[in-house]
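Notes follow once the structure below has been shown.
The values are calculated or read from the model by the stated rules, or taken from the named source; none is laboratory data. In this text, all values refer to a predicted model and were calculated from it rather than measured experimentally. Don't worry about glycine lacking a Cβ; one is built from the backbone with ideal geometry, like all the others, and counts go over all protein chains shown.
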Amino acid sequence: MLIAGNWKMFKRPGEAADFCGSLPGELEGVADGVSVVVAPPFTSLQAAVEALRARPVAVYAQNVHWDREGAYTGEISVDMLQTLGVAGAIVGHSERRQYFGETDETAARRAQTAFEAGLGVIACVGETLEEREAGETEAVLRRQVEAIAVAVPEPDTALAVAYEPVWAIGTGRTATPEIAQEAHAFIRSLYAVDQILYGGSVKPENAEELLAQAHVDGALVGGASLDVHSFVAICRTAARLSRS
Ligand code: PEP
């Protein structure tokens, strides 16, 4: 199981250092069966890496560019992340797709470059409310997942897909366990990826029912990952389920 916290545009370096400084102690006793990732904003990556050095928690970026260097104002390369000691990156998050023109193609290119360079990748997919209501969920997931599958045809454990229905992100509205299970099974039928995470308003109160689904291999957590206690509570639920 993999539990990843996406901090979005929250936490300055000092706050990241405080969070990451207390995280390993708070995670004491969480089984080996759970991998834990935090994804701070770019300016807090270094503080997080330093606080978690030699600790079993990986630091991911929230995005990464597909070229190794170049005239790409506002972008960050794989090499820049690796120089800091960052272990992976989220790509294709719906907020990137919604507000910054991310496409299936650019998300896939980011995933490919990061994967080939040895970074971990969490590649996000998911339908909007309009798409779900129009009965287009499977068509949208097929399009998004196939773009990643073409770019990374032989994924290993370094690449995870996150199913994040856009209507469930930051809205407090969570997919039912059945919706998550059905979407994850569909994604798995398209792509031989090891881990499929669910994302969308995961909280300590609903983590168990979601993580208990057979095709749900972890969670990408936004809001609830900003508080160390709620994030750790989700990690503990994952640990308990992966032991049972
Ligand atoms: C996310 O942004 O990846 C996410 C799942 O956010 P939240 O948990 O706040 O819905």
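Across the range 201-233, which residue is nearest to the chain's Cα centre (by Cα) among those that are in a helix (DSSP H, G or I), within 10 Å of the ligand (Cβ to nearest atom) and within 20 Å of Glu28 (Cα to Cα)? Ranking the qualifying residues of the range 201-233, first place goes to Ser225. Every listed requirement among (1) closer than 24 Å to Trp7 by Cα; (2) surrounded by 21 or more Cβ atoms within 10 Å (Cβ to Cβ); (3) in contact (Cβ under 8 Å) with a residue 40 or more places away in the chain; (4) within 16 Å of the ligand (Cβ to nearest atom) is met by Ala180 save one, (3). Say whether the condition of being closer than 21 Å to Arg96 by Cβ and at pLDDT 95 or above is met by at least one residue in the range 182-189. For the range 182-189, residues closer than 21 Å to Arg96 by Cβ and at pLDDT 95 or above: present.
When the range 183-200 is filtered for residues that are of a type in the set (Val, Ile, Thr), away from the ligand (no atom under 15 Å from the Cβ) and within 16 Å of Met1 (Cα to Cα), only Val193 remains. Scanning the range 124-145 for residues that are surrounded by 18 or more Cβ atoms within 10 Å (Cβ to Cβ) and on the phi > 0 side of the Ramachandran plot turns up just one, Gly126. Taken together, the residues in the range 152-177 that are more than 14 Å from the ligand (Cβ to nearest atom) and either modelled with pLDDT under 95 or under 27 Å from Val232 (Cβ atoms) (or both) amount to 5.
Residues are listed down the side, and each one gets a yes or a no for (1) more than 16 Å from the ligand (Cβ to nearest atom); (2) in contact (Cβ under 8 Å) with a residue 12 or more places away in the chain; (3) in contact with a Pro (Cβ under 6 Å, 6 or more places away or on another chain); (4) of a type outside the set (Ser, Thr, Tyr):
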residue: Ala114; (1), (2), (3), (4): yes, yes, no, yes
residue: Leu119; (1), (2), (3), (4): yes, yes, no, yes
residue: Ala123; (1), (2), (3), (4): no, yes, no, yes
residue: Glu133; (1), (2), (3), (4): yes, no, no, yes
